[in-house]
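The values are calculated or read from the model by the stated rules, or taken from the named source; none is laboratory data. These numbers were taken from a predicted model, which means no experiment stands behind them. Every residue, glycine as well, gets a Cβ built from its backbone with ideal geometry; the counts of neighbours run over all protein chains shown. Areas reflect the complete protein model, heavy atoms only, side chains present, ligands, DNA and RNA absent. Shrake-Rupley method; radii C 1.70, N 1.55, O 1.52, S 1.80 Å.
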Amino acid sequence: MSTDVLNQPTELSFELSEEQQLIRDSIKDFVERHVKPDVKERDASKEFPHDLVQKLADQGFMGMVHPEKYGGGGVGHVSFCLAIEEIARWDASLALTVASHTSLASGHIALAANESQKEKYLTPLAKGEKLGAWCLTEPGSGSDASGMKTTAIKKGDKYILNGTKIFITQGSVGDIYVVLAKTDPDKGTKGISAFIVEGDWDGVESGGKMEKLGMNSSDTTEVIFEDVEVPEENLLGELGKGFVDTMKVLDGGRIGIGALSVGIARGALEESLKYSGERKQFGSPIGDFQAIETKMANMATEVDAARMLVHRAAWLKDQGKPFTKEVSMAKLFASELAVRAADEAVQIHGGYGYIKEYHVERFMRDAKLMTIGEGTSEVQRMIIGRELKKEFWG
């Protein structure tokens, strides 16, 4: 048998499967027909696009990674990334709605719920009949989840939930909330548990819609829980294991944020290519100038690199392999690229890049959230550093 490593078989491939190509082409066609035409109006009105979300649900895009037995599409996370990228290319707000609904709220239920809970809650979420919201962040605790103040105190066969969550995506339009709360405040992160809470229960109230820099048609609010009676059967996962599961949920969520970031960066590149071919200065398209060529060459190279990092993390998750380091690398690189690419796109457009007639100013506003949500860039570097030390130091 030959020992020449150059002749060894490999699974490395850069081609999409037929199913993945079909999913990508299908969502791209959907976005071109239904999402692109009114994206500026949605950004200006800041209204949540219930109609578009329903159309996505009808096409099976609101639960595509969840098992078919619960109403999902049963596809892998690479396919999910392709879909999120195509949506984010034109409407990052809508992509954020799909990503957060799929990866966080229903993702946590898919990860930790028992069979009864999955049948009751995951099924309508995967079908897009109901929207999910994941409630972790609080006014006084973001990256430090152990600092949360929300509590769930056992009383008979119920937990009494009290606290306030902030920056909750789908906070006012969600139907099913996954809420992290302290069930044993003296145990730190080991005393945090997760609960499934229905939005129409007594004591659940959404705060006013938050005014944001970007992602204007994505719903973001406070959610207040005041003496909410949560049945003990709505404990999600094991008591005291909520924080452990949360870290896994965030790993999965970062795949979606990475793909969303790639979509924004790709949009910035494609709009720049289009504009630089049309805009003339000194008798030539500005795309012929070396300074502009260099900007677009760098953007294109980094978009491809970011996509490969994101798809690697998604593939590892699909294979059931560890992917914490890889997804933090993907999220870090792709999110910071989205900001750089949007900035370069505005620069290429010049004064026109600063007005709302062109898409790139929206890309610039939307991109910044990518470096903050689901773990800041600083947190991603901390995770990568920790994982590297575990690998090399043991």
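Observations, loosely collected:
- Phi to ³J(HN,Hα) by Karplus 6.51 cos²θ - 1.76 cosθ + 1.60 over the stretch 201-207, Hz, x for Gly, Pro: 6, 4, x, 9, 9, 8, x
- Given [x] 1.02; [y] 0.91; [z] 1.07, the label whose value is Cα Rg over 2.2 N^0.38 Å derived from this model: [x]
- If you look at the Cα atoms of the stretch 307-394, you get an Rg and a Dmax of 16.2, 54 Å.
- Solvent-accessible area of the chain (1.4 angstrom probe, protein heavy atoms only): carbon and sulfur portion equals 51 percent.
- Between the stretch 314-351 and the stretch 180-205, the alpha-carbon centres lie 32 Å apart.
- Shown in residue order for the stretch 305-319 are the 3J(HN,Hα) couplings computed by the Karplus curve 6.51 cos²θ - 1.76 cosθ + 1.60 at θ = phi - 60°: 5, 5, 4, 5, 5, 5, 5, 4, 4, 5, 5, 4, 5, 4, 7 Hz (x for Gly and Pro).
- For the chain, the longest site-free run once GluC sites (Glu not before Pro) in DSSP loop states with at most 15 other Cβ atoms within 10 Å are removed: 239-356
- Selected from MET62, MET296, MET247 as most flexible by GNM, with the chain as the system and alpha-carbon contacts under 10 Å: MET247
- Using a cutoff of 8 angstrom between alpha carbon atoms and counting only pairs six or more residues apart, the relative contact order for the chain works out to 16 percent.
- On a per residue basis, the chain carries 47 Å² of accessible surface, using protein heavy atoms and a 1.4 Å probe.
- Most mobile of GLY128, GLY263, GLY163 in a GNM of the chain (Cα contacts under 10 Å): GLY163
- Cα gyration tensor category, rounded, prolate or oblate, for the stretch 209-280 with a/c compared to 1.5: oblate
- In a DSSP loop and with at most 15 other Cβ atoms within 10 Å, the trypsin sites (Lys or Arg not before Pro) in the stretch 307-394 are LYS356.
- The chain - mean residue ellipticity at 222 nm from DSSP helices (-39,500 (n - 2.57) per run, n ≥ 4, rounded to 500): -15000 deg cm²/dmol
- Taking a sphere under 12 Å around the Cβ of ALA306 and counting the other residues whose Cβ falls inside, with K and R at +1 and D and E at -1, yields a net charge of +1.
- Options TRP90, VAL78, ILE109, ranked by Cα towards positive dipole end of the stretch 53-160, top entry (Cβ charges): ILE109
- Estimated dipole of the stretch 296-358 in Debye, rounded to 20 [Cβ of Lys and Arg +1, of Asp and Glu -1, Cα centre]: 340
- Using a cut-off of 24 Å between Cα atoms, the listed pairs LYS165/LYS248; LYS331/LYS390; LYS40/LYS165; LYS368/LYS389; LYS118/LYS317; LYS155/LYS187 include LYS40/LYS165; LYS368/LYS389 as exceeding that distance.
- Charge tally in the Cβ shell below 11 Å around LYS158, where Lys, Arg are +1 and Asp, Glu are -1, LYS158 excluded: -3
- Cα centroids of the stretch 41-97 and the stretch 104-162: 21 Å apart.
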